[in-house]
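The values are calculated or read from the model by the stated rules, or taken from the named source; none is laboratory data. Only a predicted model underlies this, so the values are computations on that prediction, with no experimental measurement involved. Don't worry about glycine lacking a Cβ; one is built from the backbone with ideal geometry, like all the others, and counts go over all protein chains shown.
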Amino acid sequence: MTVSLFAFIAWMTIIIFSVIRKGLNIFENFILFFLITIVVINNFTIISLNLKLIENTFRPDMFISLVINRNIIIPLCILTFLNLLSLFKEKLKKILVVIITLLILVLDELLVIWTGLIVYRGWNIYLSIINLLVILTISTLLVKELKKLS
Amino acid sequence: MSQPLVNIYDQQFNQNEWFTIILLIIGIILVWKLKDRFSKKELITYLLYSVFIGMFFDHTISIVPFDYYDVNDLTLYEFMDFITYLMYGPFGYLYIYIFDRFKVKTKYAPIYILLWALVSVTMEHIARGFGVYHYKNGYQIYYSFPIYLFTLTSNLCLYKFLQSKKISNQICKK
């Protein structure tokens, strides 16, 4: 059931990303997707494997849900955020995009906990929020650097 | 849930680290010396794809619950492991570069992919000999072969997709 749920959420994320107007070109989108996924994977592994602050599920079927979340849902959410941020010129719209993206990512994290994919061992949701804000900031800076390559 | 065992394979800066660093340097020199065939953004895309896909598989099947192998000195994730993933980038780029340079026809792509998969498995075997990879829980080198087939095929699909987008953008501009 968990795999179906996360597969459905991944599908929705892909559809939403496909239909939105994009502020970045295809190469920028691919580069950012790969970079964001690399950052998310590293982040995930360091916190769980090295620092042992989060414990992952040991069940292979549920781990697949975690992989879908880590490799598709989170990076595509962030990529959608970056495209919308590049598209909108008004400050209010940009702030709204940041808030909505952060809300979606936090809800996603709560869902991951609720379905039992991860257990906090010395970690908490506030640290996750800070973590997500750092990732969103790094991603935004990466866009600025990529634009300079044009 | 209980935490996985941490294996320590060695604690010195030795052959596995040097193998990775030397290969990375060779890869960087190759990319730098090869004649420009792609734009900067295309180059970065192809370099990053191999790093991304290598990291994806290594951080999926080499950690619990699968835990089929460890990379370098420890079960834990180290900076040297990250350098190992960077090593994949130039060789992934070389794979695409040769395909593009010699204009390999699509009908020969399966043979091209097979050859590169065999090269990749050979390199993995050599790397394992230098202590870069440590197999666990029944993992065998031939399990890597279909993984390489998948990654190489998807890499070529990415190349074909991006080339077709480039061509259609050029047609639109006209």
- For the range A:26-78, what are the residues that are under 22 Å from residue A:122 (Cβ atoms), in contact with a Ser or Thr (Cβ under 6 Å, 6 or more places away or on another chain) and at the interface with chain B (Cβ under 7 Å from one of its Cβ atoms)? A:56, A:63
- With respect to residue B:47, determine if the residue is more than 7 Å from chain A (Cβ to nearest Cβ), farther than 22 Å from residue A:42 by Cα and in contact with a helix residue (DSSP H, G or I) (Cβ under 7 Å, 6 or more places away or on another chain). no
- Query: Across the range B:58-90, what is the number of residues that are surrounded by fewer than 19 Cβ atoms within 10 Å (Cβ to Cβ) and of a type in the set (Gly, Ala, Ser)?
  - Reply: 0
- Task: For the range B:71-82, state whether one or more residues are farther than 21 Å from residue A:29 by Cα, in a helix (DSSP H, G or I), without any contact (Cβ under 8 Å) to a residue 60 or more places away in the chain and of a type in the set (Phe, Trp, Tyr).
- Result: yes
- Does at least one position in the range B:95-108 carry a residue that is more than 30 Å from residue A:27 (Cβ to Cβ), surrounded by 13 or more Cβ atoms within 10 Å (Cβ to Cβ) and touching a residue at least 40 places away in the same chain (Cβ under 8 Å)? no
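Please determine, by comparing only the residues of the range B:128-167 that are within 16 Å of the chain's Cα centre (by Cα) and more than 23 Å from residue B:93 (Cβ to Cβ), which one is surrounded by the most Cβ atoms within 10 Å (Cβ to Cβ). Please lay out each step first, then the result.
Here is the first cut: in the range B:128-167, the residues within 16 Å of the chain's Cα centre (by Cα) are B:128, B:132-133, B:141, B:143-159.
If we keep only those that are more than 23 Å from residue B:93 (Cβ to Cβ) too, we end up with B:128, B:141, B:143.
On the way: B:128: 16, B:141: 13, B:143: 13.
Ranking the candidates gives B:128 first.
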- Query: Is it the case that the range B:25-44 has a residue that's buried (at least 19 other Cβ atoms within 10 Å of the Cβ) and either within 9 Å of chain A (Cβ to nearest Cβ) or in contact with a strand residue (DSSP E or B) (Cβ under 9 Å, 6 or more places away or on another chain) (or both)?
  - Reply: yes
- Would you check which residues across the range A:104-150 are closer than 19 Å to residue A:52 by Cα, assigned to a helix (DSSP H, G or I) and β-branched (Val, Ile, Thr) and list them? A:112, A:113, A:125, A:129, A:130
- Those residues of the range A:15-53 which are exposed (fewer than 14 other Cβ atoms within 10 Å of the Cβ), in a helix (DSSP H, G or I) and either among the basic types (Lys, Arg) or within 15 Å of the chain's Cα centre (by Cα) (or both), in sequence order: A:16
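Mind counting the residues in the range B:34-93 that are among the acidic types (Asp, Glu) and modelled with pLDDT of 90 or more? Spell out the reasoning first.
We begin by selecting, within the range B:34-93, every residue among the acidic types (Asp, Glu); these are B:36, B:42, B:58, B:67, B:70, B:73, B:78, B:81.
Next cut, modelled with pLDDT of 90 or more only: B:42.
Qualifying residue count, the range B:34-93: 1.
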- Read through the list (1) more than 21 Å from residue A:15 (Cα to Cα); (2) in a helix (DSSP H, G or I), then give the number of the only condition that residue A:66 fails. (1)
- Query: From the set of residues in the range B:8-21 that are surrounded by 12 or more Cβ atoms within 10 Å (Cβ to Cβ) and out of contact with any strand residue (DSSP E or B) (no Cβ under 6 Å at 6 or more places or on another chain), which is farthest from the other protein chains (Cβ to nearest Cβ)?
  - Reply: B:15
- Item | Criterion violated by residue A:146 - all others in (1) under 16 Å from the mean Cα position of the chain (by Cα); (2) buried (at least 16 other Cβ atoms within 10 Å of the Cβ); (3) farther than 24 Å from residue A:58 by Cα; (4) in contact (Cβ under 8 Å) with a residue 60 or more places away in the chain satisfied | (1)
